[in-house]
Amino acid sequence: MSLESLLVIVALAVVTYATRFGGHVLLARFGALHPRVEAGLDAVPGAVIAALVAPSVFSQGLAGVIAAGAAILLCFRFSMIWSIMMALAVLVAARAILG
């Protein structure tokens, strides 16, 4: 590993830690949050997941969209691992059928 790569990793770790620590300090100073702020913060993880998943889903074309739809529907009935496995099977089948 080059020195440059190591410095980038260390810098990113420091920035991540500082962001998390700063958030804890900031929230500790305010005490109780307004319900709207709390609702907004509760929505962040879902928004981040959607922002990370959406580009790869749509870059896969129609087969990716079909598989993502299947995964969403399957997760209401099955555990996460089964939903992922079945959605991958749907992706493979959709790619085979759609070309």
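Summary of computed values
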quantity: Quotient of C-alpha Rg and 2.2 N^0.38 Å, computed over segment 3-92; calculated: 1.56
quantity: J(HN,Hα) series, segment 17-22, from Karplus relation 6.51 cos²θ - 1.76 cosθ + 1.60, nearest Hz, glycine and proline x; calculated: 4, 4, 5, 5, 4, x
quantity: Helix axis angle, 61-74 relative to the chain longest principal axis, alpha carbon, degrees; calculated: 80
quantity: Relative contact order of the chain, defined on C-alpha pairs under 8 angstrom at six or more residues apart (%); calculated: 18
quantity: Set of segment 1-38 residues, backbone N closer than 12 Å to the point 7 Å along the Cα-Cβ line of Ala47; calculated: 37-38
quantity: Dipole magnitude of the chain about its Cα centre (Cβ charges: Lys, Arg +1; Asp, Glu -1), debye to nearest 20; calculated: 140
quantity: Karplus (6.51, -1.76, 1.60) ³J(HN,Hα), θ = phi - 60°, over segment 48-56, in Hz, Gly and Pro reported as x; calculated: 5, 4, 4, 5, 7, 7, 4, x, 6
quantity: In segment 6-99, the chymotrypsin sites (Phe, Trp or Tyr not before Pro) that fall in loop regions by DSSP, at most 10 other Cβ within 10 Å; calculated: Phe76
quantity: GNM flexibility winner over the chain from Ala47, Ala32, Ala18 (Cα, springs under 10 Å); calculated: Ala18
quantity: Highest-MSF residue in the chain out of Val37, Val48, Val25 [GNM, Cα springs under 10 Å]; calculated: Val25
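Each reported figure results from applying straightforward, stated rules to the coordinates on display, with no laboratory input. No experiment lies behind these values; they were computed from the predicted model shown. With ideal geometry, Cβ positions are generated from the backbone for all residues, glycine too; neighbour counts draw on all protein chains shown.
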